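Chemist: Got a structure for you, questions after.
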Amino acid sequence: MGIDLFRIDDRLIHGQVVVGWGQSMGLGFIALVDDEVATSEWEQELYRMGVPPEMDVYFKTVEGAASALSDWTADERPGILLTGDIDTMHRFIELAPTVRSVNLGGIHYRAGRDLRLRYVYLTPEEEAALRLLQQRGVVVTAQDVPSARPVPLDDLLATESAR
Amino acid sequence: MSSAGLALVAGHGDYASGLVSAAAEIIGETSAFVTMSNRSLGADEIERLMRELVSSRGIRVIFTDLPAGSCTIAARRVVRSQPDVTLVTGANLAALLHFASHEAGTAYEAASSAAERAKASVLVVGSPDGN
């Protein structure tokens with residue numbers, strides 16, 4: 001088991017993760033990788049509040065997550081590793097090059113981002129960062145919920161943007 | 001309208017508009033509620049919209065769907081900075097109906113009473129062995 005999903009989702013822990021993926025995967029733990037949340041007890045309590053008691057949540061900085069990855073990988077329970085943005089996932093994979101796939105779960109509208117899917121908006125810089133991950137052998141797909149079809153990065157970026 | 005003033009109902013998809021629509025079927029059109037959806041919004045945008053509604057409409061109670069939902073996360077941030085706002089998670093139709101007819105007390109009291117009504121409205125009818 002270990003970490004079955006490396007997900008970028010700007011909502012971090014929320015309904016789709018806890019209920020949607022959680023029930024589908026029989027999720028045992030969530031690794032939330034965020035430098036700010038990892039240093040704030042209030043933020044951690046906020047995200048822990050909605051998680052069922054049988055599910056563990058680990059809060060780590062990027063460096064802390066890279067150090068903990070081997071332990072998480074050896075865990076017998078299925079887990080999800082979450083980052084809130086592409087840059088954080090990028091920095092994590094720089095330190096943890098064994099990661100082979102990344103799920104785009106929710107990157108929502110912000111000024112400068114163009115629509116790719118209803119739950120994926122990207123700036124040109126973010127597109128380039130995802131292409132770089134792909135060039136390094138990481139399979140990047142977009143999929144918000146388990147029942148949805150995974151959309152490969154090439155298909156995602158081939159869609160007409162709203163730019 | 002409730003003595004506690006306006007309430008914001010927020011959640012996934014059409015949860016909020018659906019609940020308020022259902023409430024209107026029962027008690028008639030009501031101005032007690034403002035609705036918002038998290039559809040297509042990131043965490044920052046959900047919080048920004050929620051703060052804007054709370055501020056511009058004088059909202060003192062927020063009803064949300066899931067305790068782990070993104071609207072609940074945003075609402076908890078609002079409550080942290082505005083202690084006069086009360087959050088009720090896991091809200092249902094019974095909660096909204098009770099809130100809309102609440103005629104006395106503070107926003108917190110109205111929210112607490114609505115939450116109790118919501119809990120009491122969830123029942124299991126049937127037998128464990130199916131007979």
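The values are calculated or read from the model by the stated rules, or taken from the named source; none is laboratory data. In this text, all values refer to a predicted model and were calculated from it rather than measured experimentally. When we count neighbours, we look across all protein chains shown, and the Cβ atoms used for this are built from the backbone with ideal geometry, even at glycine. Note: accessible area is taken over every heavy atom of the protein model, side chains too, but ligands, DNA and RNA are not part of it. Shrake-Rupley method; radii C 1.70, N 1.55, O 1.52, S 1.80 Å.
Chemist: In degrees from 0 to 90, rounded to the nearest 10, what is the angle of the helix A:124-135 Cα long axis to the longest principal axis of chain A?
Modeler: Long axis of A:124-135 versus the principal axis of chain A: about 70 degrees.
Chemist: Compute the Rg/Rh shape ratio of the stretch B:76-118: radius of gyration over Kirkwood radius, all on alpha-carbon atoms.
Modeler: Working: Rg = 10.5 Å, Rh = 10.6 Å.
Using only Cα positions, Rg/Rh for the stretch B:76-118 is 0.99.
Chemist: Ordering A:63, B:45 from largest to smallest accessible area (1.4 angstrom probe), what's the sequence? Numbers along the way, then the final one.
Modeler: Working: A:63 135, B:45 60 Å².
These residues rank, largest area first, as A:63, B:45.
Chemist: Next question. Charges on Cβ only, +1 for Lys and Arg, -1 for Asp and Glu, centred on the Cα centroid of chain B; of B:27, B:128, B:118, which one is farthest towards the dipole's positive end?
Modeler: Comparing the listed Cα positions along the dipole, B:118 ranks first.
Chemist: Given bins 10 angstrom wide, list per bin the percent of all Cα-Cα distances in the stretch A:74-114, short to long.
Modeler: So the P(r) values, bin by bin, are 21, 49, 25, 5, 0.
Chemist: Reported to two decimal places, what Rg/Rh ratio describes chain B when computed on Cα atoms with Rh from the Kirkwood expression?
Modeler: Numbers: Rg = 14.9 Å, Rh = 14.9 Å.
Result for chain B is an Rg/Rh of 1.00.
Chemist: Evaluate peptide B:71-79: per residue, the Cβ atoms of other protein chains within 10 Å of its Cβ; return the mean as an integer.
Modeler: On the way: counts 3, 5, 9, 1, 0, 6, 3, 0, 0.
Average neighbour count from other chains, rounded to a whole number: 3.
Chemist: For every helix of n ≥ 4 consecutive DSSP H residues, a contribution of -39,500 (n - 2.57) applies; sum these over chain A, divide by its total residues, and give [θ] at 222 nm rounded to the nearest 500 deg cm²/dmol. Mind dumping the intermediate values first?
Modeler: Values: 6 runs with 53 residues, N = 163.
That calculation yields -9000 deg cm²/dmol at 222 nm.
Chemist: Counting only DSSP beta bridges with both residues in the stretch A:1-153, what percent are antiparallel, rounded to the nearest 5?
Modeler: Values: 5 of 29 bridges.
The antiparallel proportion sits near 15 percent.
Chemist: Under the Karplus relation 6.51 cos²θ - 1.76 cosθ + 1.60, θ = phi - 60°, what is the ordered set of whole-Hz ³J(HN,Hα) values for the stretch B:101-107, x standing for Gly and Pro?
Modeler: Coupling constants for the stretch B:101-107: 9, 5, 10, 8, x, 7, 4 Hz.
Chemist: Let me ask something else. Could you give P(r) for the stretch A:49-93, binned at 10 Å from zero, as whole percent values over all Cα-Cα pairs?
Modeler: Bins of 10 Å from zero give 23, 53, 24, 0 percent of pairs.
Chemist: Using a probe radius of 1.4 Å on protein heavy atoms only, what is the accessible area buried between chains B and A, both sides summed, to the nearest 100 Å²? Write out the running numbers ahead of the final one.
Modeler: Values: alone 7100 and 8170 Å², together 13750 Å².
Adding both sides of the contact gives about 1500 Å².
Chemist: Based on alpha-carbon atoms only, what is the radius of gyration of the protein assembly as shown relative to the globular estimate 2.2 N^0.38 Å? Display every interim value, and only then the final one.
Modeler: On the way: Rg = 20.8 Å, N = 294, 2.2 N^0.38 = 19.1 Å.
My calculation over the Cα atoms of the protein assembly as shown gives 1.09.
Chemist: With the convex hull built on the Cα atoms of the stretch A:82-163, state its orientation-averaged projected area in nm². Write down the numbers at each step before the final one.
Modeler: Details: hull surface 20.8 nm².
Quarter of the Cα hull surface area: 5.2 nm².
Chemist: Could you state how much accessible area residue A:118 has, in square angstrom rounded to the nearest 10, with a 1.4 Å probe and all protein chains kept in place?
Modeler: Estimated to the nearest 10 Å², residue A:118 gives 150 Å².
Chemist: Separate question: So how strong a dipole does chain A carry about its Cα centre when Lys and Arg Cβ are +1 and Asp and Glu Cβ are -1, to the nearest 20 debye? Intermediate results must be reported in sequence, preceding the final value.
Modeler: Working: 15 positive and 26 negative charges, 108 e Å.
So the dipole magnitude of chain A works out to roughly 520 debye.
Chemist: With just the Cα atoms of the stretch A:15-163, tell me how far they stretch along each of the three principal axes, in Å, largest first.
Modeler: 43, 29, 29 Å, listed from the longest principal axis down.
Chemist: Nearest 20 debye, what's the magnitude of the dipole of the protein assembly as shown about its Cα centre given +1 on Lys and Arg Cβ and -1 on Asp and Glu Cβ?
Modeler: Details: 25 positive and 39 negative charges, 85 e Å.
Value, rounded to 20: 400 debye.
Chemist: Next up: So how long is each side of the stretch B:44-98 along the principal axes, counting just the alpha-carbon atoms, biggest first, in Å?
Modeler: In descending order, the Cα extents are 27, 23, 17 Å.
Chemist: Ignoring everything but the protein chains, give the 1.4 Å probe accessible area of residue A:49 in square angstrom, nearest 10.
Modeler: 70
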